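So the structure is just underneath, and the comments pick up after that.
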Amino acid sequence: KRAGQVYLNTWHGVPLKLMGFDMPDGGLESRNVVRNFLNADYLLSANPYMTETMYRGAYRLQGIFRGAVIEEGQPRTDRQAETVLDPGPVRRLLSGRGIDLGDRSVVLYAPTWRGERFGTPNVNASQLLTTVREIQKSLDPATHVVLLKVHQVIYEAVRARVGDDCDFLVPNNIPTNLVLGVSDLLVTDYSSIFFDFLSTGRPVIHYVPDLDDYRSGRGLYLTEDELAGPVCATVHDLVEQVSAKLVEPLPAKASAAAAEVYDPKDDGSVCARVVDLVFGGADESRYAVRRDFTSDRQTLLVYLGSMKSQGITTSALNLLRHLDYDRFDVTVFFPMSRLRDRVRNMRLVDPRARAVVRVPVFNGTRRRVREETDNLMKRGLPEQLDARHTAFWRDEWQRVFGHAQFDHLLDFSGYGCYTPFLYSVAETGQRSIWLHNDMYADMQRETVGEKHLEDRLTAVFSTYRHFDHLVSVSPELERVNRAGLAAYASPERFTHAINTMDGERVQQMAGHGHGGSAAGPHTEPFDTGNVAAAVGALLEHFTPHQVIREARSRQRLADLDTGSDSVVFVSVGRLSPEKNHARLIKAFARVHEEHPHVRLVVLGGGKLEESLEALIVELGLESHVVLAGQVDNPYAIMARSDCFVLSSDYEGQPMVILEARTLGLPIVTTAFSSVGDSVPADAGMVVPQTVKGVASGMRAFLGGRVPSSFLDYHGYNEAAIEQFYAAISGGGGPSQAVQQDVDHAR
């Protein structure tokens, strides 16, 4: 929407089918609708039910919509009202298009489309034609005619099926409301045009042979008792109801009562009132205009990152599960993707959060976009923002979030430039960016001889001056980042908040039941000697996809030569230089020479996989070490292992260590700077960052000298979420040790 423009969104009907976030995958499927609504100055609504059900509820505009809802009826019903008063012109229009009504009464059959996606609907032409013929066969063709008005997305397919014999198929380019105006009876299913038709006072019949499937799939807002007419599941029942309704004196009582609720203002003058308000600048107090979309809760906007499976995504999803939604109105955003891994993570976003899915398109000319992309990836932001930057990124804010404003703006990812650039022009809100690691060390990190993060992170660092809070994920990491990034931000802006974790989910996915219980909700025996019977038992409680995904996650373990006396070390982390898996494998080789029964499983994928595989072959460990890659459920494999081992050069807050502790695994880890925040003395052993050091830790475990302790994740999360609230509000401040360093620097 350009500066100076007024955007009126007319929508297209009162909702009967579930809409927006109420649908399965609603956040992903509603991305363009939400963006349009947030850009609108005015939204039209037929009635209070529509305002509450759709705008406030289904599309979650309460709290962030800054426009107005005009509750003055549906403009499209004006022509319907005119036609009811004078049906002659529309009857002649239909006759001119090959549909001769004469003076016969009209029964209109107008079902909605079927299928999973609007762009690829199911074409049930045969079923539609059969229904029309059965109804017509029950009526006197001299006095009644049955017309078929199909949804526009399947019209051409139905037209091709009918061929030349189509004197009952209403052409696609004749407006539906004109046809409703000449109809004496409407037969429909879940279409919103049933609400339009109510204002005529004429009878409605709902023909829904697939009601149970539809209600359990797409879903409906109204029950059968709340519909304004009889509900039929078979053609036989439908034919009987049509015959009965056609002899019922008009107006139909059920339709008239429902019209008072759903069509109170569809009186033929809706357009005049809307024009008076939007174009004429009329006093809003004369009309039903709703601007009460504010919220008592603080509004929180959180960028979650790319949504690929990694520690940051896991931490972001965990955070969303622990926020206080009575205190915060939460909006999250992330880029659209069709990649299976990312879509799966998108579906794990807490349903209480409002999702805005960003389609990666910029406003502006190609040249201007190239210029700003270069700034994003290489040059960064200048200390003083110029007019070109501000205009470009305010347009982008408008495109994605419309008029919405937020009290808190969070970049939880911390590694991309897009969100820091976008936040730099936000008109309101405290800005916070997460530092998940030793960021300066990450900038210098080499992968296959290339510092692939150097340009990007240098650009990110240039945006720190525009953030109020730079949030590291542990106290020690706060100290490291404050020292390493001193050139980019003043010391008082650095703070910390440890990441939350989902201990219940870790326990459940590990197979320990709900909430760490030893048994889940069902404990049933199955035939361990018959794989078909065992899988059959599983399929009584889980979908085939869930069973296959779980089996795939564990499949690589079969590559290990394991016996009854085997001891399995497990490590989790992407195959990148700072994780130093080469050191881990070399240390394991030394231990394996002395203890041939030990095995090593590494979970995670990355660019170094090929070189690490070569190292395993070189050391002759093919049957004893497996790089399992990215798996859907690492916790099941971790739970079957004996000891967790990490060989990193540096880490932020290693969530995998906390997850391993949740499963009760002993920990052997190298001494990176923030290790003390995750591994207390009773939870494991910290060793030097050398091959010899890692090997000594593994030997210590085999000798029974590495302690373990279960993590109290409930108490841990209580502390973590309080640190989060303090960090984004500026009330937490630095840790005591860090504060002493700040005072010394001053």
Has region 419-433 got any residue that is surrounded by fewer than 17 Cβ atoms within 10 Å (Cβ to Cβ) and farther than 29 Å from residue 328 by Cα? no
I'm checking my understanding of the structure. Among residues of region 630-647 that are assigned to a loop (DSSP other than H, G, I, E, B) and either open to solvent by 10 Å² or more (accessible area, probe 1.4 Å) or of a type in the set (Lys, Arg) (or both), which one is farthest from residue 695 (Cα to Cα)? 632
Quick check on region 207-222. Is at least one of its residues under 29 Å from residue 146 (Cα atoms), of a type outside the set (Val, Ile, Thr), out of contact with any Cys (no Cβ under 8 Å at 6 or more places or on another chain) and part of a strand (DSSP E or B)? yes
Can you find, within region 672-706, the residue that is farthest from residue 476 (Cα to Cα) among those that are modelled with pLDDT under 95 and open to solvent by 20 Å² or more (accessible area, probe 1.4 Å)? 682
Could you list all residues from region 169-202 that are more than 39 Å from the chain's Cα centre (by Cα) and of a type in the set (Gly, Ala, Ser)? 181, 183, 201
Six or more apart or on different chains, Cβ under 7 Å: which pairs go from a residue in region 400-417 that's under 19 Å from residue 652 (Cβ atoms) to one that's among the β-branched types (Val, Ile, Thr) and open to solvent by 10 Å² or more (accessible area, probe 1.4 Å)? Could you list them? 413/312
How about region 226-341: which helices (runs of 4 or more DSSP H) wholly inside it have at least 1 residues that are under 37 Å from the mean Cα position of the chain (by Cα)? 253-262, 270-278, 311-322
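If we scan region 241-262, do we find a residue that is within 25 Å of residue 14 (Cβ to Cβ), β-branched (Val, Ile, Thr) and modelled with pLDDT of 95 or more?
At the first step, the residues of region 241-262 found to be within 25 Å of residue 14 (Cβ to Cβ) are 241-242, 245, 248, 250-262.
This time we only want the ones that are β-branched (Val, Ile, Thr), so: 242, 261.
Retained after the next criterion (residues that are modelled with pLDDT of 95 or more): none.
No, because not a single residue in region 241-262 is within 25 Å of residue 14 (Cβ to Cβ), β-branched (Val, Ile, Thr) and modelled with pLDDT of 95 or more.
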Which numbered condition in (1) modelled with pLDDT of 90 or more; (2) crowded, with 19+ Cβ neighbours inside 10 Å; (3) more than 26 Å from the chain's Cα centre (by Cα) is the only one that residue 502 fails? (3)
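Residue-wise test of (1) over 20 Å from the mean Cα position of the chain (by Cα); (2) at pLDDT 90 or above.
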{"residue": "360", "(1), (2)": "no, no"}
{"residue": "366", "(1), (2)": "yes, no"}
{"residue": "375", "(1), (2)": "yes, no"}
{"residue": "392", "(1), (2)": "yes, yes"}
{"residue": "397", "(1), (2)": "no, yes"}
{"residue": "412", "(1), (2)": "no, yes"}
{"residue": "418", "(1), (2)": "no, yes"}
{"residue": "421", "(1), (2)": "yes, yes"}
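If a residue must be part of a loop (DSSP other than H, G, I, E, B) and in contact with a strand residue (DSSP E or B) (Cβ under 6 Å, 6 or more places away or on another chain), how many such residues does region 598-621 contain?
Here is the first cut: in region 598-621, the residues part of a loop (DSSP other than H, G, I, E, B) are 605-608, 619-621.
Checking the rest, the ones that are also in contact with a strand residue (DSSP E or B) (Cβ under 6 Å, 6 or more places away or on another chain) come to 605, 607.
Going through region 598-621 one residue at a time, the tally reaches 2.
Quick one: which helices (runs of 4 or more DSSP H) sit completely within region 375-467 and have at least 2 residues that are among the basic types (Lys, Arg)?
Values: elements: 387-401, 418-423, 439-444, 454-461.
Result: 387-401.
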Which one is least open to solvent (accessible area, probe 1.4 Å), of the residues in region 602-624 that are modelled with pLDDT under 95 and touching a Lys or Arg at 6+ places or on another chain (Cβ under 8 Å)? 604
Pairs only if they're at least six apart or on different chains, beta carbon under 9 angstrom, first in region 274-288 and surrounded by fewer than 10 Cβ atoms within 10 Å (Cβ to Cβ), second assigned to a helix (DSSP H, G or I) and among the acidic types (Asp, Glu); list them, first residue then second. none
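With the requirement that a residue be hydrophobic (A, V, I, L, M, F, W, C) and crowded, with 19+ Cβ neighbours inside 10 Å, what does region 1-17 give you? Break it down stepwise before answering.
Taking region 1-17 first, the residues hydrophobic (A, V, I, L, M, F, W, C) are 3, 6, 8, 11, 14, 16.
Across region 1-17, the qualifying residues are 11, 14, 16.
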Residues in region 34-47 that are out of contact with any Phe, Trp or Tyr (no Cβ under 7 Å at 6 or more places or on another chain) and open to solvent by less than 10 Å² (accessible area, probe 1.4 Å) total 0
Within region 648-664, can you find the residues that are under 27 Å from residue 505 (Cα atoms) and assigned to a loop (DSSP other than H, G, I, E, B)? 648, 650, 651, 652, 653, 654, 663, 664
Out of region 612-625, which residues are touching a residue at least 40 places away in the same chain (Cβ under 8 Å) and over 20 Å from residue 638 (Cβ atoms)? 623
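Sort out which residues of region 133-166 are at pLDDT below 90 and of a type outside the set (D, E, K, R), and write them in order of number. Steps first, please.
Pass one, region 133-166, residues at pLDDT below 90: 150-166.
Residues satisfying the conditions are 150, 151, 152, 153, 154, 155, 157, 158, 160, 162, 163, 166.
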Residues in region 48-67: is at least one surrounded by fewer than 22 Cβ atoms within 10 Å (Cβ to Cβ), farther than 28 Å from residue 286 by Cα and of a type outside the set (A, V, I, L, M)? no
Pairs please, first residue from region 33-55 and in a helix (DSSP H, G or I), second anywhere and open to solvent by 40 Å² or more (accessible area, probe 1.4 Å) and hydrophobic (A, V, I, L, M, F, W, C), Cβ atoms under 7 Å, 6+ apart in sequence or on different chains. 49/261
Run residue 430 past the list (1) in contact with a Phe, Trp or Tyr (Cβ under 8 Å, 6 or more places away or on another chain); (2) at pLDDT 95 or above; (3) under 26 Å from residue 67 (Cβ atoms); (4) not basic (Lys, Arg) and report the number of the one that doesn't hold. (1)
Considering every residue within region 434-454, establish whether at least one is charged (D, E, K, R) and open to solvent by less than 10 Å² (accessible area, probe 1.4 Å). yes
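For region 179-194, which positions are of a type outside the set (Gly, Ala, Ser) and either open to solvent by 10 Å² or more (accessible area, probe 1.4 Å) or within 17 Å of residue 259 (Cβ to Cβ) (or both)? Show your work before the answer.
At the first step, the residues of region 179-194 found to be of a type outside the set (Gly, Ala, Ser) are 179-180, 182, 184-190, 193-194.
Passing the criteria: 180, 184, 185, 186, 188, 193, 194.
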Within region 573-611, the count of residues that are more than 17 Å from residue 643 (Cβ to Cβ), acidic (Asp, Glu) and touching a residue at least 24 places away in the same chain (Cβ under 8 Å) comes to 2
Whichever residue in region 562-574 is surrounded by fewer than 22 Cβ atoms within 10 Å (Cβ to Cβ) and touching an Asp or Glu at 6+ places or on another chain (Cβ under 8 Å) and, among such residues, is nearest to residue 607 (Cα to Cα): 568
When residue 197 is evaluated against the numbered criteria (1) in contact with a helix residue (DSSP H, G or I) (Cβ under 7 Å, 6 or more places away or on another chain); (2) open to solvent by 20 Å² or more (accessible area, probe 1.4 Å); (3) modelled with pLDDT of 90 or more; (4) of a type outside the set (A, V, I, L, M), which criterion, by number, is the only one it fails? (2)
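The values are calculated or read from the model by the stated rules, or taken from the named source; none is laboratory data. Computed from a predicted structure; not experimentally measured. Quick reminder, even Gly has a Cβ in these numbers, built from the backbone with ideal geometry, and neighbours come from all protein chains shown. We work out accessible area using only protein heavy atoms, side chains counted, and drop any ligands, DNA or RNA first. Shrake-Rupley method; radii C 1.70, N 1.55, O 1.52, S 1.80 Å.
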